[in-house]
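The values are calculated or read from the model by the stated rules, or taken from the named source; none is laboratory data. Quick caveat: nothing in here was measured; it's all calculated off a predicted structure. All Cβ positions, even for glycine, are placed from backbone atoms using ideal geometry, and neighbour counts span all protein chains on display. Side chains included, ligands, DNA and RNA excluded: accessible areas come from the protein's heavy atoms. Shrake-Rupley method; radii C 1.70, N 1.55, O 1.52, S 1.80 Å.
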Amino acid sequence: MLSFLRKIRFQMAGQATSNNTTAANNIGSARKYLIYAFGEITLVVLGILIALSLNNWNQSRINSISEINYLERLQRELVADTASLSIQIQRMEQRIVLLESFATTLNDPDTDDVRLIEAGKGYFDKGWMLPALSTNKTTYNDLLSTGQFKIIRDENLRESIINLYLIYEGYELAVNTNSEWGMVQDAQMTMNTDALALDWRTEKLFGKLDDPTLAQKILVDKDVFTRNVAVHYWIITSSLDAFSYLKGKAETVLKMIDTALVQ
C-alpha cells in the first residue's frame, strides 16, 4: 500500500515538474517573440526616420541649387540694369548741358545768328530726347508667380529684392508718364512752329534757309521754344534724380546678392 501511494506521489510530482517546464518554455518563447517584435518595430521606425532625413536633405539640396540659380539670374539682370542706368544718366547729363545752352542763347539779346542756330540744332539733335525707363523683371516675376521667394533663405536679402522691384515699378510709371506728357508738348510745338527746320533729319524739307532767316524763325517763336526747353528740363532733371537713386538701390542689392553667393 505504501509503495502504491509512493508511486502515485512520484507520478504526480513528475507531472507537476513537466507542467512547470512547459510553462517556463512558453514564457521564454513569449519573451523572445516580444524582443523580436520590438526589434522589427525599431527597424521600421529607424527606416522611416532615415527616409525622412534623406528626403529633407535632398529637398534642402534642391532648394539650395534653386536659390543659387535664382540669385545668379538676378545678379546678371541687375548688372545689366545698373549698366543701362549709368549710360542713361550720362546721356541725361549731356542733354541738360544742351538744354541750358539753348535756353541761355535764346534769351541773350547779344547772341549772334550762328550761335543761336548751333544751340537750336544741338537741342533738337539730342537735347530734346526724352528718357524711358524699363528694367529687367524676368526673374523677379518668375519668383513672384511661382511663389519661390521663400527659397531665398536670407530674409533681409529677400525683402530688399522685393522692395527694389516695387521701387522700380513706381519710378517706371512716373518717368514714362512724364515723358509721354513731354511728347504731347513736343507734338504741339512742331505743329505750331518751324522747330523741325533745326533738326538735321528734316531741315532739308524746309528748303535752303540762310542763317538770318533761320535765326529769325527761332526768335519769332522764342517763348514757345523756351517753354518747351523748360518742360524737357523739368522731365530730364527729375528723371536724372530717379535714375541715380535707382542705380544706387540696385547696386546695394547687387552687393547683397554677391555676398550671399560667396557664402
Candidate set: segment 223-250, residues that are open to solvent by less than 20 Å² (accessible area, probe 1.4 Å) and among the small types (Gly, Ala, Ser); chosen: the one nearest to GLU77 (Cα to Cα): ALA250
So ASP154, is it under 23 Å from ARG91 (Cβ atoms), of a type in the set (Asp, Glu) and in contact (Cβ under 8 Å) with a residue 40 or more places away in the chain: no
Helices (runs of 4 or more DSSP H) completely within segment 150-263 that count 2 or more residues being farther than 26 Å from PRO109 by Cα, of a type in the set (Gly, Ala, Ser) and at pLDDT 95 or above: 155-192, 222-262
Selection status of VAL253, buried (at least 18 other Cβ atoms within 10 Å of the Cβ) and either closer than 30 Å to ALA80 by Cα or not β-branched (Val, Ile, Thr) (or both): yes
Search result, residues across segment 168-200 that are out of contact with any Asp or Glu (no Cβ under 9 Å at 6 or more places or on another chain) and exposed (fewer than 15 other Cβ atoms within 10 Å of the Cβ): GLU169, GLY170, LEU173, ALA174, THR177, GLU180, TRP181, MET183, VAL184, ALA187, GLN188, MET191
